[in-house]
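In what follows, a single structure is set out as structure tokens and then discussed.
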Amino acid sequence: MLPIILCDDDHFTLQLLSELLERAIRQSKVEAKLVCLASTGQELLQFIRGGGSYLYFLDYDLGRDSLNGVDLVRQIYHTDPGGKIVFVTSHGEKGMDILRSGVRPFGFIEKCVDQNEMVREYIRYLKMAVPEQQNSAVGDAIELPIGIDETVRLPVSEILYVDSVKTVAHSICCHLTGQGVTARETIEHAQEQLEDQVIRCRCSVLVRDIAAAGQFSICDKIIFKTQ
């Protein structure tokens with residue numbers, strides 16, 4: 001089951017979008033459920049403190065909310081590093097600003113008066129999110145230390161590659177869709193935990209084993225996810 005969170009500061013819009021999203025779930029036949037309707041970033045963050053990983057449909061401009069746009073996404077990734085965030089906004093021009101900030105959302109949907117178009121966009125992202133969600137639900141996870149007495153648990157199926165952090169001793173960065181998670185760990189120990197699911201292509205980089213997963217290709221120092 002794919003759990004979904006919808007957030008918009010306008011109550012009328014929130015209700016309308018929830019109805020369109022429910023239509024999209026029914027039409028797509030995706031096993032998904034709308035589990036939270038939030039009108040503020042704080043309300044959303046309070047909900048996800050209970051744990052779990054979600055597909056988020058967020059308004060970029062949350063009005064007077066103290067947490068907005070990019071700042072909210074960064075807080076979400078801190079709690080839910082595997083979360084998939086789609087911005088649903090009437091400010092299409094904000095897309096480049098979001099990308100320049102370093103935040104890598106799962107996608108964008110522009111609000112429009114054509115409800116059928118909105119439903120089609122929701123369906124597209126539901127179908128994109130389901131395969132990875134299912135894999136992460138049944139796959140193994142790796143637990144890494146990120147601070148004193150603090151760890152993070154990452155689904156192995158969502159890790160794109162792992163490399164050493166050259167500026168910090170004995171640290172690695174696990175790169176997931178949308179962000180990287182830095183941990184106090186060695187590349188050798190990470191390779192032991194990931195076992196045969198990765199290959200070592202350079203002295204400081206681990207990537208998913210192409211033969212085992214069939215999901216990635218390698219070109220020099222750049223890793224591309226195949227379609």
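Looking at I123, I109, I98, can you tell me which residue is at pLDDT 60 or above, in contact with a helix residue (DSSP H, G or I) (Cβ under 7 Å, 6 or more places away or on another chain), over 24 Å from I25 (Cα atoms) and of a type outside the set (G, A, S)? So that I can check it myself, show each step before the final result.
Numbers: I123 fails: over 24 Å from I25 (Cα atoms); I109 fails: over 24 Å from I25 (Cα atoms).
None of the others qualify; the one that does is I98.
For the range 1-21, a residue qualifies if it is free of Cβ contacts under 8 Å to residues at least 24 places away in the same chain and either open to solvent by 70 Å² or more (accessible area, probe 1.4 Å) or in contact with a helix residue (DSSP H, G or I) (Cβ under 7 Å, 6 or more places away or on another chain) (or both), and the qualifying residues are F12, Q15, E19. Checking each residue in the range 24-42 for being of a type outside the set (A, V, I, L, M) and surrounded by 16 or more Cβ atoms within 10 Å (Cβ to Cβ) picks out S28, C36, S39, T40, G41. In the set (1) of a type in the set (G, A, S); (2) over 20 Å from P105 (Cα atoms); (3) modelled with pLDDT under 65, G178 fails one condition alone, (2).
Those residues that are of a type in the set (A, V, I, L, M) and either at pLDDT below 85 or open to solvent by 70 Å² or more (accessible area, probe 1.4 Å) (or both), I need them from the range 58-82; list them, please. It would help to see each step written out before you state the result.
Initial filter on the range 58-82 (of a type in the set (A, V, I, L, M)): 58, 62, 67, 70, 72-73, 76.
L62, L67, V70 - these are the residues of the range 58-82 that are of a type in the set (A, V, I, L, M) and either at pLDDT below 85 or open to solvent by 70 Å² or more (accessible area, probe 1.4 Å) (or both).
The sole residue among S171, S136, S164 that is at pLDDT below 65 and not aliphatic (A, V, I, L, M) is S136.
Residues that are at negative phi and open to solvent by 40 Å² or more (accessible area, probe 1.4 Å) were ranked within the range 142-153; the one that is modelled with the lowest pLDDT is I148. Pairs meeting the criteria (first residue in the range 22-37 and over 13 Å from Y56 (Cβ atoms), second residue of a type in the set (S, T, N, Q), beta carbons under 9 Å, at least 6 apart or on different chains) are R23/Q115; E31/Q134.
All of (1) at pLDDT below 90; (2) within 15 Å of I85 (Cα to Cα) hold for T40 with one exception: (2).
The values are calculated or read from the model by the stated rules, or taken from the named source; none is laboratory data. This is a predicted model, so every value here is computed, not measured. Glycine gets a Cβ as well: all are built from the backbone with ideal geometry, and neighbour counts include every protein chain shown. Side chains included, ligands, DNA and RNA excluded: accessible areas come from the protein's heavy atoms. Shrake-Rupley method; radii C 1.70, N 1.55, O 1.52, S 1.80 Å.
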